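Reviewing the structure listed below.
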Amino acid sequence: MQIVKSIEEVRSIVRGWRKEGLRVGLVPTMGYLHEGHKSLIVKAVSENDRVVVSDFVNPTQFGANEDLESYPRDIERDAAICEAAGASLVFHPEPEEMYFPDNCTFVDMDGLTKGLCGKSRPTHFRGVCTVVSKLFHIVMPDRAYFGQKDAQQLAVIRRMVRDLNFEITIVGCPIVREKDGLAMSSRNTYLNAEERKAALILHKSLQAAEALMQTGERDVAVIKAAIVERMKTEPLARIDYVEIVDAETLEDAAAIERPVLAATAVYIGKTRLIDNFIFEV
Ligand code: AMP
């Protein structure tokens, strides 16, 4: 497995693979890899001849007061995980390699990016769409793998690929959790022991909501209220949002008739965590 820092080098390696007729998978990440990332890589390896993992803390998707500087980084550990999972190449560029100092071109999206995480992170998805478009142009994969953990991101990427005619299949992968149910995230490393316990409230509240739906509750307001009430039992938790939306359009779901996404973002101390589930009637 190779670790490559330059766009030109990635292009030349992938060009070689293409000449051999090999299928290429891409797993975009911000590094500090865990089992969630690994599950994406393993899936990509099972469906493609070569897999590229990008490992890049993308500055354009962080807001001014967010954790760009403190975001955890460990490329050596990441590379070992990628290699063990069967990846062929890790693309680990410096920010200067990805963005010209006078870069002024961005990929922006209306609609799907305005609600949920977009409300409190208004420039986040512009950064995500821009960097993912760039990675798609650099690697030109046949398939790209994204986690359901970031449900809005997955929906946004699917829409971008449709709207901008990228010839790439987007593969969504299920959320990988710790044994106690906490969704794995690189940001979990910010939590102290007390906060780590408190963080379980996201999954517990959503599980309670899922149980309500399974027993036939179809009133979105009732289900949302149940999630909020449960969250409030955890003193360290501060809700950013609790939403139930159409799983594809991300528009408010009035009733539960089509697949819905129940999603939440919650601050545990200073750490903002997200979790969700999809419910199909
Ligand atoms: P990140 O490095 O956090 O930007 O995540 C890179 C990719 O891994 C995204 O597609 C995420 O949705 C996915 N991912 C992160 N955490 C998990 C998880 N716990 N389970 C499944 N996929 C995940």
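Within the set SER46, SER70, SER88, SER54, the sole residue that is hydroxyl-bearing (Ser, Thr, Tyr), within 22 Å of the chain's Cα centre (by Cα), more than 13 Å from the ligand (Cβ to nearest atom) and buried (at least 19 other Cβ atoms within 10 Å of the Cβ) turns out to be SER88. Within segment 144-171, the set of residues being out of contact with any Pro (no Cβ under 7 Å at 6 or more places or on another chain) and farther than 28 Å from THR264 by Cα comprises LEU164, ASN165, PHE166, GLU167.
Among residues of segment 164-189 that are among the charged types (D, E, K, R), those with a Cβ under 6 angstrom from a residue that is near the ligand (Cβ under 9 Å from one of its atoms) and at pLDDT 95 or above, sequence gap 6+ or separate chain, pair up as ARG177/ALA183. What helices (runs of 4 or more DSSP H) lie completely within segment 107-212 and have 2 or more residues being open to solvent by less than 40 Å² (accessible area, probe 1.4 Å) and touching a helix residue (DSSP H, G or I) at 6+ places or on another chain (Cβ under 8 Å)? Because the criterion is at least 2 residues that are open to solvent by less than 40 Å² (accessible area, probe 1.4 Å) and touching a helix residue (DSSP H, G or I) at 6+ places or on another chain (Cβ under 8 Å), the helices (runs of 4 or more DSSP H) in segment 107-212 that meet it are 117-120, 124-139, 151-163.
When TYR267 is tested against the conditions (1) open to solvent by less than 70 Å² (accessible area, probe 1.4 Å); (2) in a loop (DSSP other than H, G, I, E, B), the lone failure is (2).
Of all residues in segment 22-43, exactly one satisfies the criterion of being aliphatic (A, V, I, L, M), closer than 16 Å to PRO72 by Cβ and either buried (at least 22 other Cβ atoms within 10 Å of the Cβ) or more than 7 Å from the ligand (Cβ to nearest atom) (or both), namely LEU33.
All conditions but one from (1) away from the ligand (no atom under 16 Å from the Cβ); (2) touching a strand residue (DSSP E or B) at 6+ places or on another chain (Cβ under 8 Å) apply to LEU191; the one that does not is (1).
Counting only residues that are small (Gly, Ala, Ser), in contact with a Lys or Arg (Cβ under 8 Å, 6 or more places away or on another chain) and outside any strand (DSSP E or B), segment 225-264 holds 1 of them.
The values are calculated or read from the model by the stated rules, or taken from the named source; none is laboratory data. For clarity, every value in this text was computed on a predicted model and none was experimentally measured. With ideal geometry, Cβ positions are generated from the backbone for all residues, glycine too; neighbour counts draw on all protein chains shown. Each accessible area value is taken on the protein alone, full model and side chains, heavy atoms only, with ligands, DNA and RNA left out. Shrake-Rupley method; radii C 1.70, N 1.55, O 1.52, S 1.80 Å.
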